[in-house]
1. Per residue of region 14-22, in order, report the coupling 6.51 cos²θ - 1.76 cosθ + 1.60 (Karplus, θ = phi - 60°) as ³J(HN,Hα) in whole Hz, putting x for Gly and Pro.
2. Sorted by average packing, counted as other Cβ atoms within 10 angstrom per residue and highest first, what order do 200-209, 3-12, 25-34 take?
3. Taking a ≥ b ≥ c as the square roots of the Cα gyration tensor eigenvalues, with a/c under 1.5 meaning rounded and otherwise prolate when a/b beats b/c, else oblate, which class fits region 52-172?
4. With runs of 4+ DSSP H residues as the only contributors, calculate the mean residue ellipticity of the chain at 222 nm using -39,500 (n - 2.57) per run, divided by the residue total and rounded to the nearest 500.
5. Percent relative contact order of the chain, based on C-alpha pairs within less than 8 angstrom and at least six residues apart?
6. From the residues Ile47, Gln88, Ser129, which one has its Cα farthest along the dipole of the chain in the positive direction, the dipole being from +1 and -1 charges on Cβ of Lys/Arg and Asp/Glu about the Cα centre?
7. For the chain, what does the equivalent ellipsoid look like in terms of its semi-axes, each the square root of 5 times an eigenvalue of the Cα gyration tensor, given largest first in whole Å?
8. Roughly how many whole Å is it from the C-alpha centroid of region 1-74 to that of region 96-110?
Amino acid sequence: AQSKKTLLLLIGGASGVGKSTAATLLASRLNITRTQSTDMLREVLRILRPADIAPELHYSSFNAWKAIATESEDETQAARIQTGFDRQADEVEVAIKALLDRAQKEQASIIVEGVHVRPSIIKRLTLESDVILIPVVMMVDRRKTLKQFFKGRSVTTRRRPGEHYLNNIDAIWTLQSVIVSEANECGVPVVINEEEETNTMVRIFSVIASRVADAIALEKD
């Protein structure tokens, strides 16, 4: 706030790892009034781009491969999942970029969270000089923990049942590996979400503090 910088905080990760919860807590702590879920962007795009035009938009991120023809019989299931996800994310990324461009023009800090926030997006963004971009990928390191998160979702959000996700846990786990691998390649911090929420938020705040401090120090130099 003192540096009058615009903060663009991007939170990626597979379904169920706690992105929405983290975004809500961060928005409150950092006094950021603008937050956006990429799931909502995809819902809008589904209306604008019906299934006969962009079929991959009309599946879950981990099942988007079902919308595309298999290019090779030798292609692994992991490769199919990644291809389907990338095609869906390509569609949603157009909206994400527009959102971030608007935030920069208005100098309004924003938090964007969702599975479609791929780590490699940082290579495709054009940033103003007064912007601090902070990408983070969240993950869980045990299937048991991820299953517990989905079961908890069933209790707290009746219209977003966890059964669908539990039935596709293998695909979600595979997609998480894809996203984390891309984060490591792009130098994007990966934060492991544990059942102890406080520890997770401390790690994310540490990433934010470090990036902000580096940005301010670089400007002073």
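Every number here is computed from the coordinates shown, using simple stated rules; none is lab data. Only a predicted model underlies this, so the values are computations on that prediction, with no experimental measurement involved. Because the Cβ atoms are built from the backbone with ideal geometry, glycine has one as well, and the counts that use them run over all protein chains shown.
1. Once rounded to whole Hz, the list reads 5, 4, x, 8, x, 5, 5, 4, 4.
2. Working: 200-209: 16.3, 3-12: 20.7, 25-34: 14.0.
In decreasing order of mean packing, 200-209, 3-12, 25-34 become 3-12, 200-209, 25-34.
3. Working: a/c = 2.03, a/b = 1.33, b/c = 1.52.
Since a/c reaches 1.5 but b/c is at least a/b, the shape of region 52-172 is classed as oblate.
4. Estimated from H runs of four or more residues: -17000 deg cm²/dmol.
5. 31
6. Among Ile47, Gln88, Ser129, the one farthest towards the positive end of the dipole of the chain is Ile47.
7. Semi-axes (√(5λ), whole Å): 29, 21, 17.
8. Their Cα centres are 16 Å away from one another.
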